[in-house]
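The next block holds one structure in the form of C-alpha cells; read it before the comments.
What follows draws every value from the coordinates through simple rules; no lab data is involved. All values derive from a computational prediction rather than experimental measurement. A quick note on method: Cβ atoms are made from the backbone with ideal geometry, for glycine too, and the neighbour counts reach across all protein chains shown.
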Amino acid sequence: MRGGKDDKVGSADSVQAVSPAPDLQAWVEVLGAVPGGTVTERQILTWVEVQLRRFLPFNRFLGAYGRLIGGRIRMRTLVTSGYPDDFVAGLEESFDLGARGCFAWWVQNRTAFILDPADPPPFATARELDEIKQLSLGVVAGHGVIDPFASAGTYLSFAGVAADQPQHVRMCLNLIAPVLHALFLATEQVAAPRLDLGKLTERQRELVDLALMGLPDKTIASRLGISEHTVGNHFRVIYERLGIKKRSQLIAALK
C-alpha cells in the first residue's frame, strides 16, 4: 500500500547524502600559484604542501613520474611529503608491481580510488594494508595520468584524506592529476647534471650499470655476490663522488 506510515519514500531516511562539489574558486586560486616554465622537485613539493593542501587536506603525499622499461617502473621524478627516508629509498630502487594491487587496479581502470583500511577494496594487497598500518597513513586516495605512447605516466597518492566524503575526494583528484602530471613533465626539461663517471672505480661503474637496468639492491647484491648492505654502502659513495643525493638523480642523468 502506498503512502502508509511505513512507506519511507520522500522521508529523510531515503535521501542519500550527496558529496559537495570541489570549491572551484579555491581551485582557481591554487592553479594561480602553479610554478611555470621548467620546475624542480622542490618547487613541486612547495606547491603541494602550501597550496594544494588547502584545496584537498591530507597528511602525506607521494607523487612519481616513471617509465616502464623491461617490465619494471624506472622512477624519473619522485616527490614525497611526510614519508620516512627508508620507505622512499625502497621505492626509488624498484617499484614492485606485483605487490601493489591498488596501482595495478588503477593502471587498468584509470580512475581515482579510495583505500580505507577499515573497509579495504578487494584489490588492495596485504603489503599495502601493512604499510598503511605501519606508517599510520589513514585513508589513502590515489590517481594519476598515463601516457601510453611514451610507456610512462604520473602516479599520485594522498594519505590522511577525509574518510566521510570519498566521492568529493575523487572529484578533487580528477582536477589535480593532470596538473601534477604537467609539472612532472616540466622537470624533464630541466637540464640533468653532467656526471663524471671517471670518478668511479670499475666496480662502482658496474653497480651503476645494474641500477640503470632498474634492478633493486637485493638483485644487484645477488648478481655481484655481495651483501645488500654492501651494495647500499657502494651507492652512498657513488652519490657522494658524483655530487648527487639519490638513485632517481643518477638514472635521470644517465638515461
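Quick one: order Thr154, Thr219 by neighbouring beta-carbon count within 10 Å, fewest to most.
Result, fewest neighbours first: Thr219, Thr154.
In nm, give the distance between the simple-model label positions of Met213 and His229, each being 7 Å from the Cα along the Cα-to-Cβ direction.
That separation, rounded to one decimal, is 2.5 nm.
How high is the relative contact order of region 24-187, given as a whole-number percent (alpha carbon pairs under 8 Å, six or more residues apart)?
The value is 26 percent.
Neighbouring Cβ atoms within 10 Å as the yardstick, rank Cys102, Cys172 fewest first.
Lowest count first: Cys102, Cys172.
According to the Kirkwood expression over distinct Cα-Cα pairs, how big is the hydrodynamic radius of the chain, in Å?
Final number for the Kirkwood radius of the chain is 20.3 Å.
Is there a quick way to get the dipole size of the chain? I mean about its Cα centre, with the Cβ of Lys and Arg at +1 and of Asp and Glu at -1; what is the value in debye to the nearest 20?
600
Who wins for biggest fluctuation among Arg60, Arg110, Arg74 in a Gaussian network model of the chain, springs between alpha carbons below 10 Å?
For the chain, modelled as a Gaussian network with Cα springs under 10 Å, the answer is Arg110.
Quick one: if the Förster radius is 35 Å, what FRET efficiency do Asp23 and Ala253 give, using the C-beta to C-beta distance and rounding to 0.05?
In this case the efficiency is close to 0.30.
Sorting Asp23, Asp217, Asp116 on the 10 Å Cβ count, fewest up front, what's the list?
Least to most surrounded, the residues fall as Asp23, Asp116, Asp217.
What FRET efficiency would be calculated for the residue pair Asp196, Leu45, taking the C-beta separation as r and a Förster radius of 35 Å, to the nearest 0.05?
After rounding, the FRET efficiency stands at 0.80.
Using a simple spin-label model with points 7 Å from Cα along the Cα→Cβ vector, what separation in nm is obtained for Ala99 and Leu175?
3.6
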